[in-house]
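The values are calculated or read from the model by the stated rules, or taken from the named source; none is laboratory data. Note that the structure is a prediction, hence the values are computed from the model and not measured. All Cβ positions, glycine included, derive from the backbone under ideal geometry; neighbour counts span all protein chains shown.
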Amino acid sequence: MNSHTTRTETERSAPVVTICICHYNRLSKLKSTIEHLRENTNEEYKLKIFNDGYVDGEIREYLSGLEEDRGATVIYSEKNVGPVAGRKKLLTDIDTPFTMTLDDDMYVDQNWLTNAIDIFQSNENIGLIGYLFSSTTDKSITDTREISVENNVLRLKNRRLTKEDNNSEFTTHTIVDEVPTGAMIFRSEVLNIFEFDPNYKIGFGDIDKTLQLQQSKWGQAICMENQFTHDKKTKQTEYTKGGRYLDLSESYRYFIEKWNIRYPLYQHLKFKYIYNIYGRSRNFI
């Protein structure tokens, strides 16, 4: 019998993980995210949602229902502050052994939490776990990134994982440089050594998080037994990064000053100068 099915009633009623979701005007996807959690999670969990500025009657009614029916904690922001600042607000007063950051368009599959807990229990050095991804469209998608810094130049390489990528000593997970923030579960004690930096308006907050974690003792891994669905179908009313050139440029400037590193030359010039010039010119149109 699986060890997770032999817990006492007291253990079974204690929440194992706090799931933190940032939401901005993607109600249909948020509903699917919540429904997949309900259907595919065996263990008890807490739910925290940060509603990032936009709210109408339908959104408020749904979120209020989650508070009343499922005991969710909902934080309402008067203005849009972005997912990095939203996650920082969510990751306070955590009292469960594990914490998860989950995008509002990411759908979990069966036994995702059971498998993650098994990995944590089998390797005390692993602090953070991510998952394989599939997509609802033919748009490119990545499971993780390889990260290196040489002569103060940061290089990132997208990486899709397969069973053949399993480390020889493991059968359930693969050690990686980075766990994607959009579906990341971690030991709550990891919160003692990193935090999401709200100075990023858009972009670069994930790599900032990863660089903080690489300075810690905690290893990162991708669970090879699950595959989450990233719902990449978009509607006109949905939040997108497109057109926010000035915000991206300002976030990049903050990033390179904070870490004293830069992206490779082409990307560096694009983010620092071209996006800045183009963004300012658009403001005069």
Could you check region 28-61 and list, in sequence order, the residues that are crowded, with 16+ Cβ neighbours inside 10 Å and part of a helix (DSSP H, G or I)?
29, 30, 32, 33, 34, 36, 37, 40, 59
Output the residues belonging to region 181-202 that are assigned to a loop (DSSP other than H, G, I, E, B), among the charged types (D, E, K, R) and either modelled with pLDDT of 95 or more or farther than 27 Å from residue 232 by Cβ (or both).
195, 197
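Might you let me know whether region 170-180 holds any residue that is touching a His at 6+ places or on another chain (Cβ under 8 Å), in a strand (DSSP E or B) and either touching a residue at least 12 places away in the same chain (Cβ under 8 Å) or of a type in the set (Phe, Trp, Tyr) (or both)? Full working, then the answer.
Initially, region 170-180 is screened for residues touching a His at 6+ places or on another chain (Cβ under 8 Å), giving none.
No, region 170-180 has no match at all.
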Can you tell which of 186, 228, 196 is touching a Pro at 6+ places or on another chain (Cβ under 9 Å) and buried (at least 16 other Cβ atoms within 10 Å of the Cβ)?
196
Any residue in region 44-57 that is farther than 21 Å from residue 228 by Cα and either outside the structural domain of residue 100 (by TED's automatic domain parsing) or β-branched (Val, Ile, Thr) (or both)?
yes
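For residue 86, indicate whether it is within 18 Å of the chain's Cα centre (by Cα) and either modelled with pLDDT under 95 or outside any strand (DSSP E or B) (or both).
It is true that residue 86 is within 18 Å of the chain's Cα centre (by Cα) and either modelled with pLDDT under 95 or outside any strand (DSSP E or B) (or both).
Looking at the structure I just gave you, is residue 178 within 18 Å of the chain's Cα centre (by Cα), among the charged types (D, E, K, R), surrounded by fewer than 16 Cβ atoms within 10 Å (Cβ to Cβ) and closer than 23 Å to residue 123 by Cα?
Values: within 18 Å of the chain's Cα centre (by Cα): yes; among the charged types (D, E, K, R): yes; surrounded by fewer than 16 Cβ atoms within 10 Å (Cβ to Cβ): no; closer than 23 Å to residue 123 by Cα: yes.
In short, no.
For the structure I just gave you, tell me whether residue 109 is assigned by TED's automatic domain parsing to the domain that holds residue 214, part of a loop (DSSP other than H, G, I, E, B) and either at pLDDT 95 or above or surrounded by 19 or more Cβ atoms within 10 Å (Cβ to Cβ) (or both).
Details: assigned by TED's automatic domain parsing to the domain that holds residue 214: yes; part of a loop (DSSP other than H, G, I, E, B): yes; either at pLDDT 95 or above or surrounded by 19 or more Cβ atoms within 10 Å (Cβ to Cβ) (or both): yes.
So residue 109 passes the test.
Given 245, 254, which one is surrounded by 12 or more Cβ atoms within 10 Å (Cβ to Cβ), at pLDDT below 95, over 30 Å from residue 116 (Cβ atoms) and out of contact with any His (no Cβ under 6 Å at 6 or more places or on another chain)?
Working: 254 fails: at pLDDT below 95.
Criteria check complete, one pass: 245.
In region 245-261, how many residues are in contact (Cβ under 8 Å) with a residue 40 or more places away in the chain and in contact with a Lys or Arg (Cβ under 8 Å, 6 or more places away or on another chain)?
Just the residues of region 245-261 that are in contact (Cβ under 8 Å) with a residue 40 or more places away in the chain, to begin with: 247-248, 250-252, 254-255, 258-261.
Narrowing further to those that are in contact with a Lys or Arg (Cβ under 8 Å, 6 or more places away or on another chain): 247-248, 250-252.
Final tally of qualifying residues: 5.
Name the single residue that is surrounded by the fewest Cβ atoms within 10 Å (Cβ to Cβ) among those in region 257-280 being under 16 Å from residue 155 (Cα atoms) and of a type in the set (Phe, Trp, Tyr).
Initially, region 257-280 is screened for residues under 16 Å from residue 155 (Cα atoms), giving 259-271.
Next, from what is left, pick out any that are of a type in the set (Phe, Trp, Tyr): 259, 263, 266, 271.
Numbers: 259: 16, 263: 20, 266: 9, 271: 23.
Among those residues, the one meeting the criterion is 266.
Would you be able to tell me the number of residues in region 80-125 that are small (Gly, Ala, Ser) and under 23 Å from residue 226 (Cβ atoms)? Break it down into steps so the answer makes sense when it comes.
Of region 80-125, the ones small (Gly, Ala, Ser) are 82, 85-86, 116, 122.
Next, only the ones that are under 23 Å from residue 226 (Cβ atoms) stay: 116, 122.
Total satisfying the criteria: 2.
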